[in-house]
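These notes are about the structure you will find just below.
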Amino acid sequence: MRKTGTTTRMLRLLWYIPAVLWMVVIFRMSAQSGAQSGSLSLRVTEEVVDVIEEVRGGDVADRERLVALLHAPVRKAAHMAEYAALALFLMLAFSANMRGIPAIAWSMPATFLYACSDELHQRFVSERAGQFEDVAIDMLGASAMVFLALMALGIYERLRERRQAN
């Protein structure tokens, strides 16, 4: 059975669903007050420290010092991970309409625009402040994902060339 043009367009649109859903997740997390957001990231940081302490040992004072030391980096790593995932979902969505490097390339400005709108959104949320520094951190995560995608594309192309040569 052959797909019609309408069916093909609908299937292509389905690739955008993960990106849109992830944008909703980011929006909802950004809508949390500063206290809620800080509490969530503190719990994550405590879990990270628990794993570290289990591996290397330590006392309660050491644990509290580690939590204080790692809280800000864990928050920033969460920003990077959120936007790495968004860049990936956007690459997949764009790849429904274009292949290879163009799909990867278009994911960056789209991610940047969403990161900017996210920081603007946070300016209107209690105890939050939109900061361009966070956009830069978000884009580090997106850039890391784009780098990985380019590496994967390069490996795929080399393997395909080898198969065609044999």
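Check region 42-55 and report whether any residue there is in contact with a Phe, Trp or Tyr (Cβ under 7 Å, 6 or more places away or on another chain), on the phi < 0 side of the Ramachandran plot and surrounded by 15 or more Cβ atoms within 10 Å (Cβ to Cβ). Break it down stepwise before answering.
Step one: filter region 42-55 for residues in contact with a Phe, Trp or Tyr (Cβ under 7 Å, 6 or more places away or on another chain), giving none.
No, because not a single residue in region 42-55 is in contact with a Phe, Trp or Tyr (Cβ under 7 Å, 6 or more places away or on another chain), on the phi < 0 side of the Ramachandran plot and surrounded by 15 or more Cβ atoms within 10 Å (Cβ to Cβ).
Can you tell me how many residues in region 85-106 are of a type outside the set (A, V, I, L, M), free of Cβ contacts under 8 Å to residues at least 40 places away in the same chain and touching a Leu at 6+ places or on another chain (Cβ under 9 Å)?
So the answer is 1.
Cβ-Cβ under 7 Å, sequence separation 6+ or interchain: first residue in region 112-131 and at positive phi and among the hydrophobic types (A, V, I, L, M, F, W, C), partner modelled with pLDDT of 90 or more and part of a helix (DSSP H, G or I). Which pairs?
none
With over 22 Å from the mean Cα position of the chain (by Cα) and under 20 Å from Glu133 (Cα atoms) as the only criterion, which of Leu86, Leu69, Leu11 stands out?
Matching residue, one of Leu86, Leu69, Leu11: Leu69.
For region 15-56, enumerate the residues that are free of Cβ contacts under 8 Å to residues at least 24 places away in the same chain and farther than 20 Å from Ala78 by Cβ.
Ile17, Val20, Glu53, Glu54, Val55, Arg56
Would you call Ser143 polar (S, T, N, Q), under 13 Å from the mean Cα position of the chain (by Cα) and within 23 Å of Phe27 (Cα to Cα)?
So Ser143 passes the test.
Go through (1) of a type in the set (Gly, Ala, Ser); (2) touching a Gly at 6+ places or on another chain (Cβ under 7 Å); (3) not in a helix (DSSP H, G or I) and name the single condition Ala84 misses.
(3)
When you check Thr8 against the structure, is it of a type in the set (S, T, N, Q), loosely packed, with under 14 Cβ neighbours inside 10 Å and closer than 30 Å to Met108 by Cβ, yes or no?
The answer is yes for Thr8.
If you go through region 1-58, how many residues are in contact with an Asp or Glu (Cβ under 6 Å, 6 or more places away or on another chain) and not in a helix (DSSP H, G or I)?
Number of matching residues: 1.
Just the residues that are out of contact with any Asp or Glu (no Cβ under 9 Å at 6 or more places or on another chain) and surrounded by 17 or more Cβ atoms within 10 Å (Cβ to Cβ), please, taken from region 61-70. Break it down stepwise before answering.
Of all residues in region 61-70, those out of contact with any Asp or Glu (no Cβ under 9 Å at 6 or more places or on another chain) come to 61, 64-65, 68-70.
Leu70, the sole residue that qualifies.
Can you tell me which residues in region 21-37 are surrounded by 15 or more Cβ atoms within 10 Å (Cβ to Cβ) and in contact with a His (Cβ under 9 Å, 6 or more places away or on another chain)?
Result: Ser30, Ala31.
Taking the criterion of being touching a helix residue (DSSP H, G or I) at 6+ places or on another chain (Cβ under 6 Å), under 26 Å from Thr111 (Cα atoms), assigned to a helix (DSSP H, G or I) and not basic (Lys, Arg), would at least one residue in region 68-78 satisfy it?
From region 68-78, those touching a helix residue (DSSP H, G or I) at 6+ places or on another chain (Cβ under 6 Å) are 70-71, 74-76; that's our starting set.
If we keep only those that are under 26 Å from Thr111 (Cα atoms) too, we end up with 71, 74-76.
Next, only the ones that are assigned to a helix (DSSP H, G or I) stay: 71, 74-76.
Next, from what is left, pick out any that are not basic (Lys, Arg): 71, 74.
Yes: one or more hits.
The values are calculated or read from the model by the stated rules, or taken from the named source; none is laboratory data. If you're wondering where the values come from, they're calculated on a predicted model, not measured in any experiment. Cβ coordinates were reconstructed from backbone atoms using ideal geometry, including for glycine residues, and neighbour counts include every protein chain displayed.
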